[in-house]
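Taking it in order: structure first as structure tokens, then the write-up.
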2 protein chains.
Amino acid sequence: MKQSVLYVPTLKEAPSNAEVKSHRLLARAGLIKQTAAGVYTYLPLGIRVMQKIERIIREEHDARGCSEMLMPALQPRDLWEESGRWDDYGPALMRLKDRKERDFCLGPTHEEVITAIVRDYIDSYKKLPLALYQIQTKFRDELRPRFGLMRGREFVMKDLYTFSTDEADLDRWYATMMTAYTEIFRRSGLETKIVASDTGEIGGDQAHEFMVLSEVGEDTITYCDTCDYAANQEYSALSEGDSCPHCEGTIKTAKGIEVGNIFKLGTKYSESMNAFFTDADGQRKPLVMGCYGIGVSRTLMAAVEQHSTEDSILWPDSITPFDVHIVPLKGNEDLGRRLHDRLATQHEVLLDDRDERPGVKFKDADLIGIPWRIILGKSTKEGKAEVVNRRNDEVQLVPIDDLEVYLSGQ
Amino acid sequence: MKQSVLYVPTLKEAPSNAEVKSHRLLARAGLIKQTAAGVYTYLPLGIRVMQKIERIIREEHDARGCSEMLMPALQPRDLWEESGRWDDYGPALMRLKDRKERDFCLGPTHEEVITAIVRDYIDSYKKLPLALYQIQTKFRDELRPRFGLMRGREFVMKDLYTFSTDEADLDRWYATMMTAYTEIFRRSGLETKIVASDTGEIGGDQAHEFMVLSEVGEDTITYCDTCDYAANQEYSALSEGDSCPHCEGTIKTAKGIEVGNIFKLGTKYSESMNAFFTDADGQRKPLVMGCYGIGVSRTLMAAVEQHSTEDSILWPDSITPFDVHIVPLKGNEDLGRRLHDRLATQHEVLLDDRDERPGVKFKDADLIGIPWRIILGKSTKEGKAEVVNRRNDEVQLVPIDDLEVYLSGQ
């Protein structure tokens, strides 16, 4: 892909409202652009990373018997009256009227809609369990939108809903999704800790959050450095300096960015919305539900927060927008195009074909953060390219004819 | 994929408000479910078809130098004041206020947002041309939402915007996208005609629509049966019975469903929104724009309208949700599972693992419309399966061990 065609509007200065590193970098590297407070456009580099995260999410969900669907953003007031949340939710729920003065909200979450979808069809235990998810745009009118994609008003989430006959089956789904989430974040290159949490506006019986450790996190958590679990600050089981009953490591305190959450909803929505089924013994029972969210756009933000310095992103391999960045300097433009076409058969290649000074090209390449950089400069006279492995900043002069072999050996 | 896990809530009766065949079939076959008037959920079979259409759209756009991005649904009033459309657009524009009483609309189209995104960065002819598209959810408060996905209030569209230095470059993009659209609809299994149209609420200089011929179309068009072009009813160049100056065929009249449209916007938005660049001769000029839409959800609907009878869809190969439908009858459940796992390495396979009578399974399979059906019934005693090619309703008894070879030879 040619950089001139892709549209990568890099900036010298971060927007003045960008308070955290990931926001500054996502804006400067041309991945996002603010359209209104808390409302962002994902530019071509940004959407490529998001789509890679989405692919990992789909694979880990599909492999566990979940099915994808797509629910609407517009949700009628009636459904929210049934659950009682029209009144309970508060001003974060964006509300509007249609041309006939009927009330709608823009979904921050989809418990009502999914419950209405399955209640008409799931009449018997034979049709259970069921696990349905979507990757979809959500709305939440935050009082103080900030930190770029961390606290936005329009954002991309994956939300999964499970429907079980009983608590034991819900427990199985809950454990399954805890594993799935651990795997999704690990594959996305993120280190996360799992924290027990309260159930908030969603309601229900039990909940956990997945936290990315980061100095810009909004929650303080206490965790053991050798295991996956952590606790909220208030949570008494762990205290800094102690060793935890379930693990061997040291207890530490840090800030966390919440990238995922899982909830045992129980029968809160099925009872209020009349979603019942007939069990094997002929009894009419409410569906037992769970819900499981991942902030897709927030995961993108957290990945940048964890994998960057102030002037440079360095993408994990699994979610990098491109694998190889070819940067031809003056006089090597044609060679750059030929090399791009050669390597593009095996790699995702970005070619900096802009008419810019070397300093500008290198600075932008640092910002954009592609793991392998191939500089076509003076050494092309000897048939060689300068290959930079950005993971360790090692530079090798590699014969241009051998680049495929060199890269595939890495 | 197991049908019990996928969630395919087939219905015996179509919803009472389903006036057209595609709406009845999409609902009965468990592809969509209405959440509010003109607002639909895409169930797992529905989203699979949509994603296949989206893949074709992405391939044909990426191959022509277009880059994908994702813009927000929430659009601030300020931008629409700049273009003058806040007042012009009328009640189809869904409007809302945020918690601080600031005005927003839910985007029915994104000329304002994209113009604001590129105007800050495109300062020179060196950065042009540029072609940016998204596949995104749009909102339009139709006075009479109807015909299912045909006239919805929330719908999925692909919208592309091109930015050129001059009219000649816009003409090139316009011609390129006309070819791309023809190819996209052809690959999706749809027969379309191209019709010159007026520019409506979008504005601009010239426009064409892509029409799927269908008795439920909302527009009447006059077309030549041997070429790609057609005309609106009002358009005087063609009249029924005549032979057209540009083609050899016969002129006919039919109804059309608009699935795509392309507009030469010219400088309407760039002049009103101050999106200027400096040309090679140092002159400051407004960007010359084009916009190009495809109704993704409407394409799904039009495909069903063209490829179905009243009780049965028959998907084109390119967008079918699955290739092979295995229907095991009583006693062949285990064989069904084994065959599913075998064939799933080479095909997209749906297994009807439900505990239902043969009549129910066959009726649902007809509804769902997968091109190849493998029935595991009596003949499994002789090691054979009944293979139905739904394109011609030909039935073959094929040894179960030879099914891979049989299917790959088709």
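Here, each number is a calculation from the coordinates, and none is a lab measurement. Please read all numbers here as calculations on a predicted model, not as lab measurements. A quick note on method: Cβ atoms are made from the backbone with ideal geometry, for glycine too, and the neighbour counts reach across all protein chains shown.
Is the shape of region A:260-410 best called rounded, prolate or oblate, per the rule: a/c under 1.5 gives rounded, else a/b larger than b/c gives prolate, else oblate, with a ≥ b ≥ c the square roots of the Cα gyration tensor eigenvalues? Verdict is prolate for region A:260-410. The amide H of A:Phe277, built 1.01 Å from its N in the peptide plane, has A:Lys285, A:Leu287 as neighbours under 5 Å, considering only residues 5 or more places off or on other chains.
With 23 Å as the limit on Cα-Cα distance, the pairs of A:Lys127/B:Lys361; A:Lys158/A:Lys363; A:Lys268/B:Lys97; A:Lys126/B:Lys12; A:Lys361/B:Lys285; A:Lys12/A:Lys33 that go past it are A:Lys158/A:Lys363; A:Lys268/B:Lys97; A:Lys361/B:Lys285.
Within a straight-line Cα-Cα reach of under 16 Å, B:Lys264 can be paired with the following aspartates and glutamates, leaving aside sequence neighbours fewer than 8 residues apart in one chain: B:Glu111, B:Glu112, B:Asp159, B:Asp166, B:Glu167, B:Asp169, B:Asp171, B:Asp198, B:Glu201, B:Asp205, B:Glu209.
In the elastic network of chain B, a GNM with C-alpha springs shorter than 10 Å, the most mobile of B:Gly30, B:Gly200, B:Gly84 is B:Gly200.
Inter-chain neighbour count for A:139-150: the average number of beta-carbon atoms from partner chains within 10 Å of each residue's beta-carbon is 1. Taking a label point 7 Å from the Cα of B:Glu167 along the Cα→Cβ vector, which residues of region B:270-301 have an amide N closer than 14 Å to it? Those under the cut-off are B:288-289. Extension gain for the segment A:Glu215 to A:Lys100, taken as residue separation times 0.36 nm less the Cα-Cα distance, is 36.6 nm to one decimal.
Restricting the trypsin sites (Lys or Arg not before Pro) of region A:35-113 to loop positions (DSSP other than H, G, I, E, B) with no more than 13 neighbouring Cβ atoms within 10 Å leaves A:Lys100, A:Arg102. Compute the Cα gyration tensor for region A:3-309, then decide on rounded, prolate or oblate, letting a ≥ b ≥ c be the square roots of its eigenvalues: rounded whenever a/c is under 1.5, prolate when a/b is larger than b/c in the other cases, and oblate in all that remain. Oblate shape, in that a/c is at least 1.5 and b/c is the bigger or equal ratio. Within 10 Å of the Cβ of each residue in A:35-48, the mean number of Cβ atoms contributed by other protein chains is 6. Under 5 Å from the amide H of B:Lys138 lie the amide H atoms of B:Phe155, B:Val156, B:Met157, each residue being 5 or more positions distant or on a separate chain, with H modelled from the backbone and absent for Pro and chain starts. Sorting B:352-363, A:137-148, B:105-116 by their mean Cβ neighbour count within 10 Å, with the most densely packed peptide first, gives B:105-116, A:137-148, B:352-363. Seen from B:Arg153, the other residues with C-beta closer than 12 Å to its C-beta sum to a net charge of +4, counting Lys and Arg as +1 and Asp and Glu as -1.
Once backbone amide H atoms are built at 1.01 Å from N, A:Lys2 has A:Leu351 as its partners under 5 Å, excluding neighbours fewer than 5 places away on the same chain.
Computed from backbone phi with θ = phi - 60° and the Karplus coefficients 6.51, -1.76 and 1.60, the 3J(HN,Hα) list for region A:359-370 is x, 5, 4, 5, 4, 5, 5, 4, 4, 5, x, 6 Hz; x is used for glycine and proline.
Whole-Hz Karplus values for region A:321-329 come out as x, 9, 8, 10, 10, 8, 10, x, 9 Hz, taken residue by residue from phi with 6.51 cos²θ - 1.76 cosθ + 1.60 and θ = phi - 60°; glycine and proline positions read x. In terms of its C-alpha gyration tensor, the protein assembly as shown comes out rounded, because the ratio a/c of the largest to the smallest axis stays below 1.5.
The mean sequence separation of alpha-carbon pairs under 8 Å and at least six residues apart, normalised by the residue count of chain A, gives a relative contact order of 16 percent. Residue-wise HN-Hα couplings along region A:20-33, as the Karplus relation 6.51 cos²θ - 1.76 cosθ + 1.60 with θ = phi - 60° gives them from phi, are 10, 4, 5, 5, 4, 5, 4, 6, 5, 7, x, 9, 9, 9 Hz; Gly and Pro carry x. Within 10 Å of the Cβ of each residue in B:90-99, the mean number of Cβ atoms contributed by other protein chains is 5.
Annotation: the antiparallel percentage among DSSP beta bridges lying fully within region A:324-408 is about 55.
Ascending distances from the B:Asp355 label point to its copies in the other chains, with the point 7 Å along the Cα-to-beta-carbon line: 7.4 nm.
Dividing the helix sum by the residues of chain B, where each DSSP H run of 4 or more adds -39500 (n - 2.57), gives a mean residue ellipticity at 222 nm of -8000 deg cm²/dmol.
At a Cα cut-off below 13 Å, give the aspartates and glutamates reachable from B:Lys52, other chains included and same-chain residues fewer than 8 away excluded. In chain and number order, the partners are B:Glu60, B:Asp317, B:Asp323, B:Glu348.
In this assembly of identical copies, the label point of B:Val395 (Cα plus 7 Å along Cα-to-Cβ) is separated from its counterparts by 7.4 nm, sorted shortest first. Shown is the FRET efficiency for B:Lys285 and A:Asn274, computed with R0 = 45 Å from the Cβ-Cβ distance and rounded to the nearest 0.05: 0.15. In nanometers and ordered shortest first, the copy-to-copy spacing of the B:Asp87 label point, defined 7 Å from Cα toward Cβ, is 4.2. Placing a label point 7 Å from the Cα of A:Asp198 along the Cα-to-Cβ direction, the residues of region A:249-269 whose backbone N falls under 18 Å from that point are A:258, A:261-265.
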